[in-house]
Amino acid sequence: MNKSDVNPLFRYNAWASDRVLAQAARLTREQYIAPAPTPQGSLRGTLVHALAAEMLWPQRVEGESPARLLSVEDVPTFKALQDDWTRAREALDAFLGTLTDEQLQTVVRYRTTKGVSQFNVVWEMLAHLINHGTQHRAEAAMLLTIHGFSPGDLDLIVFLREGN
């Protein structure tokens, strides 16, 4: 994998997340925080978890090992989530802008939030970040659809067909 492979995937990731966030913005606070049968327990939990990963993996690539993920307590409102997501995206874009093809092949050692030592090639870490976002956007899309606010088709091919 090289930088010309990575960049369109991250543009897709942002496009799909924007579609989900646009519909989530239409919910009431009660709908946003309502208990749900998802691993993170609510739409809010799901979105905060997805944001946490977008913040965590680039930090790991850069040699940091954060001891914990962002939590729902760290993001008290949907507005705070939007603001944090904007900052995280700006940081991710800046990070991706400096990434080289050689760095994508580099092995990075890090510790998980549970303190377990791990290592991965940078491109694997970035591919995981995209895949992870896809999983949690699907969970969020299901919850949004239940509330009558489907984000529509989030497929990569739709993104590409729209000329992205």
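The values are calculated or read from the model by the stated rules, or taken from the named source; none is laboratory data. Just so we're clear, the structure is a prediction, and the values are computed from it rather than from any experiment. Ideal geometry is used to build each Cβ from the backbone, glycine not excepted, and the neighbour counts take in all protein chains shown. Calculation scope for accessible area: heavy atoms of the full protein, side chains included, ligands and nucleic acids excluded. Shrake-Rupley method; radii C 1.70, N 1.55, O 1.52, S 1.80 Å.
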(message) Name the residue that is nearest to ILE130 (Cα to Cα), counting only residues in segment 69-82 that are open to solvent by less than 50 Å² (accessible area, probe 1.4 Å), assigned to a helix (DSSP H, G or I) and not aromatic (Phe, Trp, Tyr).
(response) LEU81
(message) Give me the residue from segment 12-68 that is within 22 Å of ASP153 (Cβ to Cβ) and surrounded by fewer than 15 Cβ atoms within 10 Å (Cβ to Cβ) and, out of that set, nearest to the chain's Cα centre (by Cα).
(response) ASP18
(request) Taking the options GLY133, GLY148, GLY152, name whichever one is on the phi > 0 side of the Ramachandran plot and in contact (Cβ under 8 Å) with a residue 12 or more places away in the chain. (result) GLY152
(request) Please identify the pairs in which a residue from segment 22-37 that is more than 10 Å from HIS147 (Cβ to Cβ) and among the polar types (S, T, N, Q) has its Cβ atom under 6 Å from the Cβ atom of a residue that is open to solvent by less than 30 Å² (accessible area, probe 1.4 Å) and assigned to a helix (DSSP H, G or I), counting only partners at least 6 apart or on another chain. (result) none
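What residue, of THR134, THR100, is closer than 16 Å to LEU9 by Cβ, touching a helix residue (DSSP H, G or I) at 6+ places or on another chain (Cβ under 8 Å) and open to solvent by 20 Å² or more (accessible area, probe 1.4 Å)?
On the way: THR100 fails: closer than 16 Å to LEU9 by Cβ.
THR134 is the lone residue from the list that is closer than 16 Å to LEU9 by Cβ, touching a helix residue (DSSP H, G or I) at 6+ places or on another chain (Cβ under 8 Å) and open to solvent by 20 Å² or more (accessible area, probe 1.4 Å).
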